[in-house]
Amino acid sequence: MRGWPARLSKMINPAASYPSVSIALAGSGGAGVMTAGNMLLEAAAHAGYYALMTRSSGPQIRGGEAAAMVRIACRPTECMEDTFHVLAAVDWENVQRFSAEIPLGPDSLLVGDPDQGAPHEIFTRSGATYAPLPLKKMAKGIVEGRANMLLLGLVAELVGLPDDAVVRAVEKTLGKRPAALAPSLAAVAAGRAAAAAIPTRFPLAPPPPCDAPRWLLTGNEAAGYGAIKGGVRFVAAYPITPATELLEWMAPALAEVGGTLVQAEDELASVNMAIGGSYGGVPALTATSGPGLSLMVESLGLAVAAEVPLVVVDVMRVGPSTGIPTKSEQSDLNIALYGLHGDAPHIVVAPNSVADCMRTTQWAVRLAETLQTPAIVLSDQFLGQTRAVIDRPADLADASGRVVAEAGAPGYQRYAITPSGISPMAIPGTSGVTYTADGLEHGERGTPSSQGTDHLAQLDKRQRKLELADYGSHWADVEGDGDVAVITFGSCTGVVREALAHARRRGFGARLVSMRLLSPAQPARLAAALAGVRKALVIEQNHSGQLYRYLRAEFDLPCPIESLRRPGALQFTPAEIRGHLAEWSRT
Amino acid sequence: MKRKLPRTVGEFMAYAWAMEVEAAERYAELAEQMSTHHNAEVADLFAWLARIEGKHRDQIMQQMGWTQPPDTAAFSWDTPEGPETTDYGDLHYLMTPYHALKLAEHNEQRAAEFFEHFAASKVPAGVRDAAAEMAEEEREHVRLIQEWLAKFPEPEAGWDEDLDPPQGAD
Amino acid sequence: MTEPLTHADFKSDIKPVWCPGCGDFGVVNAMTKALAKLALRPENVAVVSGIGCSSRIPAYTSCYGFHGVHGRALVAGAGLKLARPDLTVIVTGGDGDGYSIGGNHFLHACRRNVDMTYIVMDNRVYGMTKGQPSPTTEPDWDSKLSPDGTGLREFLPMVIALASGANFIARAFTGDPNGLADVIVQAVRHPGFSFVEVLSPCVTFRPEQREWKRMVRTDALEPTADIARATRRLMRDDGFDLGVLFAGGRPPFEPRGTRGTKPVDELEARFAV
């Protein structure tokens, strides 16, 4: 109705439905908001929706302030929305530290317990409506009732998640603790009932038909599975935030399919164990983050020089040095590309969504095996730790693999100069073709050589094998059209996609190139992908514009490029990208 | 590891054979080392000594009428290696033929002593005789080496001086 | 099959770059004899090393070799053995590679007790880089990098090995290649992590080590499976007693959990909504 404030319209017209709803749950001191957030995510999955969940917490190991951010949507979604519809807090202890991650607007709803204090001004200044609910008192009214379960029920009611989906989610999480189940379900029901006191609703549009299998997983888990699909059967692990869960997921999974995971004493050990395992013929992997990758680069050079396949997943976090271990950033591109001393070409790939973590890690394994070289997979904390409901990703069709030397080949030369640059690798146990793999520069047989001619020949070989490889269509996603383009990689892709989709609906077209293969550089292919574009914007999440500089240095492009960059710890929002694109594309 | 006393001539000659085999192999190895380090004179000398020990080894095979090498698994030397085997540690890349021949002399002397020890031990008469014979042969080798030594006087101090400092490769 | 292999079959045709007089020649001799005695085949043996003079050894054998980076031989070897338990893995290197940069891995290799053999050629110096003190160098040994000596108490590898859980610990001397060969045979046969500390003189930077042949005491150590006994023995050890110190009963490392045979796509059940 004309003249009415927008939110009033929605309150009065509850049939207005939301294709996407974003909810944040916050609380401290063991309130269990992460658990509630997980259940909300699961409930959304069971109800047939796509969803995404991220988390944030204070530095305390336990009992600190925490927030769970959940987006529920009718279409596959890869980023958070511009504003949250609901911020529901068990208490407000230090919750303002999450304010930048939980942007609110005048249509947003704040829910809190008046007995736990009022919401911080940083939230109320948004103009959001505040709906107080005596959560603690209500929870006390239920035997072993907990406020976080009340909030779960409340939120489910606010967005219209069906009861059976919520119950299923609660049962799945608490199924092993039957004593907690009944009180929790009671609290959920009470929460639903309490929604009656709040006029605001954000009813989700009906879920899309579910005609393909859906998965609920994190990017770390997807990467672990992709690695196994690619053939990895040996993993050496050293824990580091935010890569640890990838390794922890792989530990039992690998054992089930006949592989081995062993914990090492440090990253120098984990990378070298993996190299040893791979030298033995077993595709091998380790996973780490920036600080660990820094430790590993010497050994990555060994894998390059000795031509040993290896996959290292770098789940990037804010750097430099210890940085912010729990937050995402795309600032390890430089070390991934340039961190090895000497001229040491190798593979660098970057998955660009949670789903893509599976295929691209699998791809990395195939490339490493075929090209007998290390492959660094640049994932990041956002992809790695975000839990997402996705369509089961399509399988990677790739039959490539390690070329091995047959037994008894006379005069076997491990590092023979071949046209493709790939020389068959003898696997220990094979008779007649024993050789010593060496980080020292060597001649074709592998014997150490200080001759410039041998060095040049081997450098050319190691370069050539990467240059001549066929990387197929997986090297980048090239989508959409327009006279301008956006170039990006990794987790920025999701938010760029959403921004461009929104812009497209308003008549603005731009091409998106999300690069998966970062090294070796594919200048001709990128140039072709940008054909007809008058300028391109390189969007990335780091301070110095690492991708932008890489493109400037290594790529002859048909159009000028500019940089839009922001370091971690915050992800870009679609609105930010849209706003910047609108301004930028005017000239 | 106690050395077993040989009870038969066959067992005894197996010792003798093993000694020559080891000596020949070692001289050949040392010749290679010297060759790698561009000490051609000593390399050639060690190669020659390897051939000679090889001949001794073959002579024993022939003498005993063996078609197969004897089984030497059961015994061991009292010393770290066979009496005629040059210690790896006694080499120097700048060593001269004098030094090499001194080592060979030492080897032959030890070999002679080795056999003389058997000749004086509680072994059957046949073994004693064979041992005495071998000891005499080794004494003859000592004299031959000493004749060669006369042609190569002991070098003056500074023979091991290399003005170039060591190089590092890795 | 064919004739049994001799030690000559385990030597490659690559000429060692070591200085004549180097103790490491004795190790090649002993290793090749040991491998022949163990009736192994070169293709089923892997020799893994780091950086240093003694780390050149893999290419001097006809086995599979891995010449990795400084200090990381033990973990490369462990990874290889864990991925390929069917192989015999021998890790080799020097005192600098093994006890300094590799010290952490040495400690954990003893703890981890993977079934492999570690042969350290200890010459109490960094030879390849031309004469700096190593962890086993005497505190007052003068050098360019540490004039008048480091002043540091020597690293005691046997003590660390015993305290950290190595299942077989021995000391040998390159001046006795046959004795060393016997120790290597025992070490390879003994399950778990077998550590052989080999005194291996460096004639170029520590020519005084030529005296070692007069200082070592053969068969001075009696193997025991009792850690306390071995500890007491080490308390009166001056570094020149040879023999097997400890032959323990720890089971070799096995990754926990059974190795399954599940088809890969069954893992997807973990993700299904």
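Numerical summary
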{"quantity": "Helix-only CD estimate at 222 nm, as mean residue ellipticity for chain B, using -39500 (n - 2.57) per DSSP H run (n ≥ 4)", "calculated": "-21500 deg cm²/dmol"}
{"quantity": "Normalised contact order of segment C:27-183, rounded percent, pairs of Cα under 8 Å and 6 or more residues apart", "calculated": "21 percent"}
{"quantity": "For segment A:16-89, diffusion coefficient by Stokes-Einstein and Kirkwood Rh (Cα), 4 °C, 1.567 mPa s, µm²/s", "calculated": "103 µm²/s"}
{"quantity": "Rg ratio (alpha-carbon, reference 2.2 N^0.38 Å) - chain A", "calculated": "1.04"}
{"quantity": "Most positive-pole-ward Cα, B:27, B:63, B:39, against dipole of segment B:13-77 from beta carbon charges", "calculated": "B:63"}
{"quantity": "Delta accessible area of at least 50 Å² on complex formation, residues of segment A:265-310, 1.4 Å probe, chain isolated as reference", "calculated": "A:265, A:272, A:273, A:279, A:298, A:302"}
{"quantity": "Where the Cα pairs of segment A:524-579 fall when distances are cut into 10 Å bins, in %", "calculated": "23, 47, 27, 2"}
{"quantity": "Tilt relative to chain A, helix A:574-585 - C-alpha long axis, 0 to 90 degrees, to 10", "calculated": "70 degrees"}
{"quantity": "Angle in degrees between helix C:177-189 and the longest Cα principal axis of chain C, rounded to the nearest 10", "calculated": "30 degrees"}
{"quantity": "Residue B:157/residue A:400 FRET efficiency (R0 60 Å; Cβ-Cβ; nearest 0.05)", "calculated": "0.35"}
{"quantity": "Estimated D of segment B:40-129 in µm² per second, where Rh is the Kirkwood radius over Cα pairs and Stokes-Einstein applies at 4 °C, 1.567 mPa s", "calculated": "85 µm²/s"}
{"quantity": "Segments C:91-99, A:255-263, C:3-11, A:318-326 sorted - mean Cβ within 10 Å per residue, highest first", "calculated": "C:91-99, A:255-263, A:318-326, C:3-11"}
{"quantity": "Spread of Cα-to-Cα distances over 5 Å intervals beginning at zero, given as percent, for segment C:24-76", "calculated": "5, 21, 29, 25, 16, 4, 0"}
{"quantity": "Residue-averaged beta-carbon neighbours from other chains (10 angstrom radius) around B:14-26", "calculated": "1"}
{"quantity": "Cα Rg, Dmax (largest Cα-Cα span) when computed across segment A:221-283, Å", "calculated": "10.8, 29"}
{"quantity": "Point-to-point label distance, residue B:150-residue B:51, nm (Cα→Cβ direction, 7 Å offset)", "calculated": "2.3 nm"}
{"quantity": "Residue C:163/residue A:481 FRET efficiency (R0 60 Å; Cβ-Cβ; nearest 0.05)", "calculated": "0.30"}
{"quantity": "Degrees, to the nearest 10: A:244-256 long Cα axis against longest axis of chain A", "calculated": "70 degrees"}
{"quantity": "Over chain A: helical MRE at 222 nm, DSSP H runs n ≥ 4 each giving -39500 (n - 2.57), nearest 500", "calculated": "-11000 deg cm²/dmol"}
{"quantity": "Label point distance in nm, residue A:338-residue C:86, each placed 7 Å from Cα along Cα→Cβ", "calculated": "4.5 nm"}
{"quantity": "Within 10 Å of each Cβ in C:207-218, the average number of Cβ atoms from other chains", "calculated": "1"}
{"quantity": "Rg in Å to one decimal, and Dmax rounded to a whole Å, for segment A:307-416 via C-alpha atoms", "calculated": "16.9, 55"}
{"quantity": "Debye intensity ratio I(q)/I(0), log10, segment A:474-587, q values 0.10, 0.12 Å⁻¹ (C-alpha model)", "calculated": "-0.25, -0.36"}
{"quantity": "Per-selection Kirkwood Rh - segment C:15-168 (Cα, Å, 1 d.p.)", "calculated": "15.9 Å"}
{"quantity": "Rotationally averaged projected area of segment A:155-283 (alpha carbon convex hull; nm²)", "calculated": "11.8 nm²"}
{"quantity": "Beta bridge orientation in chain C: antiparallel %, DSSP, nearest 5", "calculated": "15 percent"}
{"quantity": "Portion, in percent, of the accessible area of chain A that falls on carbon or sulfur, probe 1.4 Å", "calculated": "54 percent"}
{"quantity": "Part-to-part distance (alpha-carbon centres) for segment A:230-269 and segment A:539-587, which is given in Å", "calculated": "35 Å"}
{"quantity": "Cα gyration tensor shape for segment C:198-269, rounded if a/c is under 1.5, else prolate or oblate", "calculated": "oblate"}
{"quantity": "Value of Rg to Rh for chain B (Rh from inverse mean 1/r over Cα pairs, i.e. Kirkwood)", "calculated": "1.03"}
{"quantity": "Threshold 50 Å² - residues in segment C:236-273 whose accessible area is reduced by that much or more when the chain is no longer isolated, probe 1.4 Å", "calculated": "C:259, C:262, C:264, C:267, C:268, C:270, C:271, C:273"}
{"quantity": "Surface share of carbon and sulfur [accessible, 1.4 angstrom probe, percent] for segment C:1-74", "calculated": "61 percent"}
{"quantity": "Unsatisfied cross-links (Cα-Cα over 19 Å) in the set B:102/B:151; B:4/C:11; C:15/C:37; B:55/C:213", "calculated": "B:4/C:11; C:15/C:37; B:55/C:213"}
{"quantity": "For residues of C:11-17, the mean tally of beta carbons on other chains within 10 Å", "calculated": "4"}
{"quantity": "Among C:201, C:223, C:58: highest mean-square fluctuation, GNM of chain C, C-alpha pairs under 10 Å", "calculated": "C:223"}
{"quantity": "Ellipsoid equivalent to segment A:456-518 - semi-axes via the Cα gyration tensor, in Å", "calculated": "34, 11, 8"}
{"quantity": "For the pair C and A, total buried accessible area rounded to nearest 100 Å², probe 1.4 Å", "calculated": "4400 Å²"}
{"quantity": "Surface per residue (accessible, 1.4 Å probe) for chain A, Å²", "calculated": "36 Å²"}
{"quantity": "Semi-axes of the equivalent ellipsoid for the protein assembly as shown, Cα gyration tensor, largest first, Å", "calculated": "71, 30, 23"}
{"quantity": "Where B meets C: accessible area buried, both sides, 1.4 Å probe, Å²", "calculated": "2200 Å²"}
{"quantity": "Descending semi-axes in Å of segment C:76-115, equivalent ellipsoid built from Cα gyration tensor", "calculated": "20, 11, 7"}
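The values are calculated or read from the model by the stated rules, or taken from the named source; none is laboratory data. Predicted model, so just to flag it, every value in this text is computed and none were measured. Ideal geometry is used to build each Cβ from the backbone, glycine not excepted, and the neighbour counts take in all protein chains shown. Just the protein is used for accessible areas: all its heavy atoms, side chains included, with ligands, DNA and RNA removed. Shrake-Rupley method; radii C 1.70, N 1.55, O 1.52, S 1.80 Å.
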